[in-house]
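*Asks:* Take a look at this one; I'll ask things after.
Any read-out appearing in this document is the output of simple, stated calculations on the displayed coordinates, not a laboratory observation. Note that this is a predicted model, so its numbers are computed, not measured. Here the Cβ positions follow ideal geometry from the backbone for every residue, glycine too, while neighbour counts run over all protein chains shown.
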Amino acid sequence: MDAKTASPTDAVADSTPAAIFNIERHALHDGPGIRTLVFLKGCPLRCFWCSNPEGQLRRTELMFTANKCGSSGRCVGACPEDAIAWTPGEKPVIDRELCTVCAGCVTACPNGAFETVGKDYTAREVLAEVEKDYIFYRSSSGGVTVSGGEPMVQYKFIAELFELCREHGIATAIETCGYVPWSHYEAVIPYLDHVLIDVKHTDPEVHYEGTGVDPARIQDNVRCLARTGIPMIVRVPVITGFNDSPEHMRDLADFIVDAGVTEIHLLPYHSLGEVKYAGLFRDYPAEGTRPPSAERMRELLQILLDAGLTASIEV
Ligand code: SF4
Ligand code: SF4
């Protein structure tokens, strides 16, 4: 899918309860200490390298894992919409236009090849999950991180969840792409302990080409969040041919320093999300993109260190 032609309008604001596609325990890279990651559905961006395509749409989706499929064809008879085409001995092909995500095939498949992605949770239901690892948060200064998708689209849910976390002594963090109105952050800031925010490109045209949106709002939010004094890390996905030139990294370092942020992490592109696109019956927009070399990553890191930033590479 081309970011320029995609229609990033599926995300719905103000949803309580929230649509969640994953809750991952014992995570180590998305905020301090040991964390529980809560992934919310819905994102206003369409980054061509996105490794969480199941987080882009707010609605529940059907996902198919081909290597679990035994080609029994039982799903075909279970589909009330005639959305599944199947030739004996082969894998089924699903017509997304016809599929209503009724989950008939999910129940019918004996191998679990189909699943629905996305389920509504209330803040209290998520708190119950998060509290299971309270002992680890205490011993590691960890907590809960909401991610996505773009979690701040559903900011009222997050404010409610984080207020509950505060009451229960659990530290909070957001992992955000920055592309929501500032008022969304204002609603969450009273209960927020850490911010991880992505910066993808400094040039408006290139940013639009790669993500489908202009970066001005993101840049404004980076500046405003830095002014709150809440501990903050800027994260940069390093995408070969998009934002991995030394010239761009110097521009980016200038912006970060000027915004008052002191810590930055580089995340080299990987193609681990590619299989999910197939499972969602979508083309992989980053087809053919190679990860940046270790040498290039070291070069970019040095530029950030030379700019006086606390910088590291996340792998
Ligand atoms: S989830 Fe979609 S493909 Fe599966 S049975 Fe329902 S309509 Fe058919
Ligand atoms: S901001 Fe994140 S979740 Fe949204 S499209 Fe880009 S990479 Fe995917």
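*Asks:* In the structure shown, do any of K132/K200; K68/K200; K156/K200; K91/K156; K68/K156 have a Cα-Cα gap over 32 Å, and if so which?
*Replies:* Violating the 32 Å limit, Cα to Cα: K132/K200; K68/K200; K91/K156; K68/K156.
*Asks:* Let me ask you something else. Percent antiparallel among DSSP beta bridges with both residues in the chain, to the nearest 5?
*Replies:* Expressed as a percentage, antiparallel bridges in the chain total about 35.
*Asks:* Here's something else I'd like to know. Nothing charged except the Cβ atoms of Lys and Arg (+1) and of Asp and Glu (-1): what's the magnitude of the dipole of the chain about its Cα centre? Round to the nearest 20 debye.
*Replies:* The calculation lands at about 660 debye.
*Asks:* Taking Cα centroids, how far is the range 198-255 from the range 271-315 in Å?
*Replies:* So the separation of the two Cα centres works out to 14 Å.
*Asks:* Further question on the same structure: Jot down the per residue volume, in cubic angstrom and as a whole number, of the convex hull over the alpha-carbon atoms of the range 61-117.
*Replies:* Per-residue hull volume (Cα only) is 66 Å³.
*Asks:* Quick query: amide H of D244 versus all other amide H atoms, modeled in the peptide plane; which residues come in under 5 Å with a sequence gap of 5 or more or a different chain?
*Replies:* Those qualifying (amide H under 5 Å, at least 5 residues apart or on another chain) are I239.
*Asks:* Name the residue, out of I303, I197, I20, whose mean-square fluctuation peaks in a Gaussian network model built on the chain with Cα pairs under 10 Å.
*Replies:* I303
*Asks:* Filter the chain for me: DSSP H helices, axial length by Cα at least 27 angstrom, mean Kyte-Doolittle hydropathy not below 1.0. List them by residue number.
*Replies:* Helices meeting the criterion: none.
*Asks:* Using helices alone, I'd like the mean residue ellipticity at 222 nm for the chain: each DSSP H run of four-plus residues gives -39500 (n - 2.57), total over residue count, nearest 500.
*Replies:* Result for the chain: -9000 deg cm²/dmol, rounded to the nearest 500.
*Asks:* If you filter the range 108-168 for chymotrypsin sites (Phe, Trp or Tyr not before Pro), then keep DSSP loop positions with at most 10 other Cβ within 10 Å, what is left?
*Replies:* Here no loop site has a sparse enough neighbourhood.
*Asks:* Mind checking the alpha-carbon convex hull of the range 207-315 and giving the volume per residue in Å³?
*Replies:* 121
*Asks:* Given all pairs of different Cα atoms, what value in angstroms does the Kirkwood hydrodynamic radius of the range 38-187 take?
*Replies:* On the way: mean 1/r = 0.0565 Å⁻¹.
For the range 38-187, the Kirkwood estimate is 17.7 Å.
*Asks:* Which residues' amide hydrogens lie under 5 Å from the amide hydrogen of L280, considering only partners 5 or more residues apart or on another chain, with H built in the peptide plane?
*Replies:* So L280 has HN proximity to F64.
*Asks:* Oh, and also: Rank S147, S245, S139 by mean-square fluctuation in a GNM of the chain with C-alpha springs under 10 angstrom and give only the top-ranked residue.
*Replies:* Checking each option, the largest mean-square fluctuation is seen for S139.
*Asks:* Rounded to whole Å and ordered largest first, report the semi-axes of the equivalent ellipsoid of the chain derived from its Cα gyration tensor (root of 5λ).
*Replies:* That gives 34, 25, 17 Å for the three semi-axes.
*Asks:* Further question on the same structure: Which of T172, T16, T107 moves most in a GNM of the chain, Cα contacts under 10 Å?
*Replies:* T107
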